[in-house]
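Notes to accompany the following structure.
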Amino acid sequence: MNKRPTGNLKFRVSLVSDTHVNEKEDTSASPYPANAEANPRARYIFNQINQSNSKFCIHLGDMVNPVPELPSFVEAANNFHKLAAELKVPLHLMPGNHDIGDKPVTWMPAGMVNGEHVKLYREHFGNDYFSFDYQNCHFVIINSPLINSGDPAESEQKEWLNADLAANTEKRIFLFSHYPVYVSNRDEPESYDNIDEPGRTWLLNLIHKYKPEALFSAHVHNFWYDLIGETEFYIVPSTCFVRHDYSEMYRIDGGNQQGRNDGAKLGHITLEIHEKGHVAHYHRSYAKTAKEGELGVPPVVMRPHVKTTNISNIFVDMRHAWTEELNVAPSGAVDEFRRKKARNDYPIMAMWEMGLRGLRVPLQDLIDETTRNRMKIMCAVGHKFHVYRYGMPSDVEMKTILANTSKISRLELVLGWETIQDQIAKITFLKEQTGLPIILSRVNRNDAAKTSGGKFNHLISHGFTLSETEELKLFMNKHPSLIDGILFTIPRSVSPWVAGRKLKIFKDETNCQPVLYVKSTEASPAQTFNDEISNAMRFGHTILSGVGFSIDVILDTFDDADRGYFTRTGLVDRRFNPRISGQLVSEIIRKLDGGVWHATSNGTPEIVNEASQTITIGTKSSIDETAKWFDPATGLSGSKLNTSEISSEIVVIETDEPSNCG
C-alpha cells in the first residue's frame with residue numbers, strides 16, 4: 001500500500017479545530033490562562049490561512065468554548081462569526097461537543113446532545129451534517145456527538161450518511177468527524193475522547209465499505225495518525241490549548257500550565273490534494289496571537305513532508321521508542337474511572353515535518369507485533385527502516401524477518417570482527433534467504449582503546465573506523481558479493497564532511513555503499529554536549545555530507561538524551577517539539593529536495609547543483625553580499641541588507657556564485 005501522492009497538486013484546503021472562542025476577548029470561564037487567549041490565537045491562524053492559497057476552510061468543531069446550556073453560548077457564537085468574517089475563503093463548520101452538547105457520557109456534568117441543542121446549533125452555525133463537492137472530491141461533514149444518542153436526529157443522519165456515501169463512490173471522499181472513532185486502538189475502551197459502541201462499529205463498517213481517502217477528527221487536541229483499512233486517519237491538534245492529560249506521554253515535567261500551554265503543539269493543517277493522494281502539512285503556531293485589526297501576521301513556515309520528500313539517504317537512530325503506548329492516568333477532569341492507553345505519535349509528526357524518511361531501529365521493533373504494524377503503516381507514507389541486530393538472527397527471528405522483508409530497507413549486522421571468518425557462511429545464507437541488502441558493522445575490537453585522559457571508559461563502540469578502509473577492501477576483494485554496505489562510525493572530534501569525502505573515495509574504489517554513523521559525543525559517558533547550536537551545526541554538516549558525497553548517513557540523536565550516559569540535545573526535546581537542530585534539518589531538506597547536488601572542492605561543508613547554486617550553513621556573520629539566507633525557525637529569508645530580521649543563531653545560506661565541484 002502506497003500513500004505517497006503522485007501527479008500535480010490540484011488544490012489546498014485549510015483545516016482548523018477546537019478554537020474554543022470565548023464570549024469576550026482575553027477572558028474565559030476556564031481557570032487556565034491559555035483559554036483566555038483563544039480568540040487572538042484563532043485570529044492569528046485565520047490570518048495565516050488568508051495567505052495560504054487554500055480554496056476553502058473546514059472547521060472540525062468546538063468553534064466556541066461555552067457549551068449550549070450556558071447563557072454566554074450565543075455571545076460566543078456571535079464572536080466566532082465576527083472572527084471568522086476575517087477569512088477570505090469559504091468556511092464550512094462541523095459541530096463539536098462544545099457547540100452542540102457532549103456525546104452520551106453519563107459521568108460528565110456537561111449537558112449531552114439533544115434536540116434543543118441541535119436546534120440551537122442550526123440557528124447559529126447552520127446544518128450539523130452535510131456534504132459538498134470540489135472538483136472530483138467529496139467532502140462529508142457529520143455530527144459525531146449524535147452517535148449513540150438515541151435522538152431522532154441520529155437515525156436521520158445514519159440514513160443520510162449511508163445514502164450520501166453510496167451515491168458518491170466514483171469520487172474521492174474525505175470524511176470529517178469531531179469525535180475520533182478511536183484514539184490509538186480500534187478496540188480501546190470507551191473514554192471521553194472516542195466514539196463508543198455500537199456507533200464505533202457502525203462508522204468503521206462504513207469506512208471499510210466506502211473507503212474514504214481520509215478521515216479527519218479533532219476533540220483530543222493532540223496529534224495521531226493511523227490507517228483504517230485503506231483510509232488514512234488523522235486526529236488534529238487545536239489552535240487554542242493542548243489536552244494536557246496526555247502530557248503523561250512525555251518523560252519530562254508537564255511544562256507551561258501543566259502542559260496545557262505547550263504552544264509547539266498548537267496550530268492548523270493545510271491539506272494538499274494531488275491528482276492521486278494527499279499530504280496533510282501541520283503548521284505549528286507556537287501559541288502566537290493577533291489583536292483585533294492587527295496586520296502583518298507572518299505566513300506559515302514552509303516545511304517538507306515525508307510523503308513527498310525524495311531524499312532517502314538520511315537516517316536517524318531511534319534510541320528511544322518512537323511509537324510507544326503509555327498509560328494516561330485518570331485526571332478527574334474528563335476521565336476518572338480508568339486509565340487510558342495512548343500511543344505517542346509526536347515523534348512521527350516531527351519526522352514528517354523534517355522530511356526525514358529513514359529510521360534506524362533494533363530488530364526488536366520488528367519482532368514486537370504492535371511496533372511491526374506501525375512500521376508497515378509508516379512504510380506506506382515513505383519511511384525506510386534500517387534494522388540492526390547484534391549477532392546473527394535466531395531461527396525465530398529469521399521467520400519474522402522472512403515474513404516482513406517489505407518493511408526492511410536493509411539489515412545491519414553488528415558482529416565481532418575477530419570472528420568474522422566464522423560468520424561468512426551464515427551471512428551468505430541470510431542474504432540468499434531474505435534478499436535484503438546487508439550492512440556490515442562491528443562491535444569493539446579487542447585492541448581498541450578503553451581509556452582517555454587517564455580515565456577508564458565503560459563504552460560500547462560499534463561501526464568501523466576510517467582507518468580500517470584498507471583492511472575492509474581486502475576483505476571485500478576476498479568476498480566480493482557478501483555485503484552491500486559498511487557502517488563507519490565517527491566521534492564528535494571527526495568532521496562528517498571530512499569523513500564523507502574519504503568515504504566517497506572508498507565507495508568509488510569498492511562499489512560498496514558506505515553508511516556514516518555520526519556521533520554527537522566523545523569517549524567519556526560523563527561528558528555532556530548540550531550546546532544546541534554546535535549540535536545543530538553538526539547535524540547540518542552531516543546532511544550536507546550525505547547529499548554532497550552520495551553516501552548514507554545516520555544521525556545519532558533524535559530526541560534529547562537528557563539523563564543517563566552520553567547526554568546531549570537532539571533534533572527534538574523530550575516533549576518531541578523541534579529544537580533548532582530539527583528546524584535546520586527541515587530547512588536543509590526542503591532546500592535540497594528534488595535537486596542534484598555535489599560537494600564542492602572547498603574545505604568547508606558546501607554543496608552545489610548544476611545551476612551553480614551553492615548551499616551551506618552558518619551564522620549571521622558568515623553571510624556575504626552575494627548570499628541569500630533562510631531562517632530555519634521563522635521561514636523568513638533575505639540578504640545581507642536585512643540580517644537584522646534573523647532570529648535564529650544558525651541559518652541556511654544560498655549563493656548563485658559558480659563553485660568548483662569536489
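The values are calculated or read from the model by the stated rules, or taken from the named source; none is laboratory data. For clarity, every value in this text was computed on a predicted model and none was experimentally measured. Cβ atoms come from the backbone with ideal geometry, glycine included; neighbour counts cover every protein chain shown. Heavy atoms of the whole protein, side chains included, go into the accessibility calculation; ligands, DNA and RNA do not. Shrake-Rupley method; radii C 1.70, N 1.55, O 1.52, S 1.80 Å.
Using the structure shown, select from Lys10/Lys307; Lys431/Lys504; Lys265/Lys628 the pairs with a Cα to Cα distance greater than 27 angstrom.
Exceeds cut-off: Lys265/Lys628.
On average, how much accessible surface per residue is there in segment 93-196, in Å², for a 1.4 Å probe, leaving out ligands, DNA and RNA?
Normalised by residue count, the accessible surface of segment 93-196 is 38 Å².
Which angle between 0 and 90 degrees, to the nearest 10, do you get for helix 532-549 versus the longest principal axis of the chain when only C-alpha atoms count?
Around 70 degrees separate the two axes.
Check which residues have an amide H placed less than 5 Å from Lys10's amide H, if you skip close sequence neighbours.
When sequence neighbours closer than 5 places are left aside, the close amide H contacts are Ile273, His274, Glu275.
If ligands, DNA and RNA are left out, what is the accessible area of His244 with a 1.4 Å probe, given in Å² to the nearest 10?
40
Carbon and sulfur together cover what percent of the accessible area of segment 551-656 at a 1.4 Å probe radius?
Accessible surface attributable to carbon and sulfur in segment 551-656 totals 46 percent.
Sorted by mean Cβ packing within 10 Å, highest first, what order do the peptides 130-143, 375-388 take?
Highest mean packing first, the order is 375-388, 130-143.
Using only alpha-carbon positions, what ratio does the radius of gyration of segment 305-421 give when scaled by 2.2 N^0.38 Å?
That works out to 1.27 for segment 305-421.
Which whole-Hz ³J(HN,Hα) couplings does segment 584-598 yield from phi under the Karplus relation 6.51 cos²θ - 1.76 cosθ + 1.60, θ = phi - 60°, glycine and proline marked x?
Going residue by residue, I get 5, 4, 4, 5, 4, 5, 4, 6, 8, 5, x, x, 10, 10, 9 Hz, with x marking Gly and Pro.
Accessible area per residue, 1.4 Å probe, Å², for segment 574-662: what's the number?
43
Could you report segment 322-398's accessible area per residue, 1.4 Å probe, as an integer in Å²?
Accessible surface, normalised per residue, equals 39 Å².
For segment 373-417, I need the span (max minus min coordinate) of the C-alpha atoms along each principal axis, in Å, sorted largest to smallest.
Sorted from largest, the Cα extents of segment 373-417 read 36, 21, 12 Å.
How much FRET efficiency would the formula 1/(1 + (r/R0)^6) give for Thr201 and Thr106, where r is the Cβ-Cβ distance and R0 is 25 Å, rounded to 0.05?
0.75
What Kirkwood hydrodynamic radius do you get for segment 86-147 when you take the inverse of the mean 1/r over all pairs of distinct Cα atoms, in Å?
12.9
Roughly how many Å² of Glu369 are accessible to a 1.4 Å probe, to the nearest 10?
120
Can you show me the helix-derived [θ] at 222 nm for the chain, built from DSSP H runs with n ≥ 4 at -39,500 (n - 2.57) apiece and divided by the number of residues, rounded to the nearest 500.
-8000 deg cm²/dmol
Which whole-number percent gives the relative contact order of the chain, counting Cα pairs below 8 Å spaced six or more residues apart?
Taking the mean separation of contacting Cα pairs over the length of the chain, I get 10 percent.
Can you give the charge dipole size of the chain about its Cα centre, rounded to the nearest 20 debye, using +1 on the beta carbon of Lys and Arg and -1 on the beta carbon of Asp and Glu?
1580
May I ask you to give the percent of accessible area on segment 1-51 that is carbon plus sulfur, with a probe radius of 1.4 Å?
The value for segment 1-51 is 45 percent carbon and sulfur by accessible area.
Against the longest principal axis of the chain, how steep is helix 115-125, in degrees 0 to 90 to the nearest 10, with axes from Cα atoms?
70
Using the alpha carbon gyration tensor of the chain, what are the three equivalent-ellipsoid semi-axes (square root of 5 times each eigenvalue), largest first, in whole Å?
Output for the chain: semi-axes of 46, 29, 23 Å.
Accessible area of segment 313-413 with a 1.4 Å probe: how many percent of it is carbon plus sulfur?
Carbon and sulfur: 46 percent of the exposed surface of segment 313-413.
Distance check, please: which entries in Lys340/Lys407; Lys519/Lys591; Lys88/Lys288; Lys103/Lys291; Lys82/Lys288; Lys24/Lys82 exceed 22 angstrom between their Cα atoms?
Lys340/Lys407; Lys519/Lys591; Lys103/Lys291
For segment 212-326, evaluate the Debye formula with one uniform point scatterer on each Cα (no solvent term) and list log10 I(q)/I(0) at q = 0.13, 0.14 Å⁻¹, rounded to two decimals.
-0.67, -0.78
With contacts defined as alpha carbon pairs under 8 Å and 6 or more residues apart, what's the relative contact order of segment 1-150 in percent?
21
Report, to two decimal places, the Cα Rg of segment 14-134 normalised by 2.2 N^0.38 Å (N = number of residues).
That works out to 1.04 for segment 14-134.
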